[in-house]
1. Report, in whole Å, the centroid distance computed from the Cα atoms of region 27-50 and region 59-97.
2. To check you understand DSSP bridge types, tell me what percent of the beta bridges within the chain (both residues inside) are antiparallel, rounded to 5.
3. Identify which of Leu77, Leu49, Leu39 has the largest mean-square fluctuation in a Gaussian network model of the chain, with springs joining Cα atoms closer than 10 Å.
4. Counting only DSSP beta bridges with both residues in region 1-119, tell me the antiparallel percent, nearest 5.
5. Restricting to DSSP loop positions (anything but H, G, I, E, B) with no more than 11 other Cβ atoms inside 10 Å of their own Cβ, which trypsin sites (Lys or Arg not before Pro) remain in region 1-104?
6. State the three equivalent ellipsoid semi-axes of the chain, derived from the C-alpha gyration tensor as the square roots of 5 times its eigenvalues, in descending order and whole Å.
7. Find out how many positive minus negative residues lie around Glu210, taking Lys and Arg as positive, Asp and Glu as negative, among other residues whose Cβ is under 14 Å from that of Glu210.
8. Determine which aspartates and glutamates satisfy two conditions relative to Lys147: a Cα distance under 14 Å, and not lying fewer than 8 residues away in the same chain.
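Read-outs throughout are calculated quantities, based only on the coordinates presented, and are distinct from any laboratory measurement. In this text, all values refer to a predicted model and were calculated from it rather than measured experimentally. Here the Cβ is made from the backbone with ideal geometry for all residues, glycine too, and neighbour counts use every protein chain on show.
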Amino acid sequence: MEIRDAQYLISNAKVAQCPDVKAPEYAFIGRSNVGKSSLINMLCRRKGLAKTSQTPGKTLLINHFIINKGEWYLVDLPGYGYARRGQKQRDEIKRIIEDYVLERVQMINLFVLVDIRHDPQKIDLEFMEWLGEHQVPFSIVFTKADKIGPRVAESNVAAYKRILLRQWEELPPIFITSAEKGLGRDDLLSYIGELNRGYDEAKESEQEYEEKESNSSVSGI
Ligand code: GDP
């Protein structure tokens, strides 16, 4: 899968107001400063694309980007865990995230971004546990890999996996990225391509089933 075209579409404060799109959606989330805007820009090869939606006031919004003229949608969710925000704003962000993640039927996968340099943080682990409880499909995307070099990156990821395996029987898909170096771009995009194909196949068999159902009712059986 390659991104040939990426455009900012719209920002909304409520999931109910999000566009009624007919294609799969992939959302990106993580703590503030994890490198989410940089990763989105790197994937889309458009400097400033995600930043355009990051103007003050818009950081509390669900930002939609249209990819390849509607082949799929990329969603930039508000960053969580920013200590300097007041409690009211943090509650507001939590509500937006929870509503989006639980209600958005178009969302195929949530990419949870984690800074590869840090030890596993309680807030991220609790968030992933919550996703598991609600059976939300997610993957982990380690960011800023260029800041530490491949060996340390590998051992940090291994340590992270060990901690996850205390909670989980199976690990989610894991990606190692650097927005700076373009690392992990191909892997992430081919994963999205694979999920898109699965989505198309499921839709086709649903249509075939519906056609069969309507044919059998026409013949009066
Ligand atoms: P956001 O708040 O999650 O959207 O984070 P940003 O994308 O704005 O990144 C936060 C900071 O980390 C910025 O100073 C970025 O330049 C830096 N950053 C993000 N990704 C990378 C990366 O892959 N490598 C390096 N070296 N710095 C990065």
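1. 12 Å
2. Values: 12 of 32 bridges.
Taking every DSSP beta bridge with both residues in the chain, the antiparallel ones total about 40 percent.
3. Leu49
4. Counting only bridges with both partners in region 1-119, antiparallel ones make up about 50 percent.
5. Values: sites: Arg4, Lys14, Lys22, Arg31, Lys36, Arg45, Arg46, Lys47, Lys51, Lys58, Lys69, Arg84, Arg85, Lys88, Arg90, Lys94, Arg95, Arg104; in loops: Arg4, Lys14, Lys22, Arg45, Arg46, Lys47, Lys69, Arg84, Arg85, Arg104.
Here the trypsin sites (Lys or Arg not before Pro) that fit, given the DSSP loop and packing criteria, are Arg4, Lys22, Lys47, Lys69, Arg84.
6. On the way: eigenvalues 191, 86, 72 Å².
Three semi-axes, in Å: 31, 21, 19.
7. -3
8. Qualifying aspartates and glutamates at Cα under 14 Å: Asp115, Glu180.
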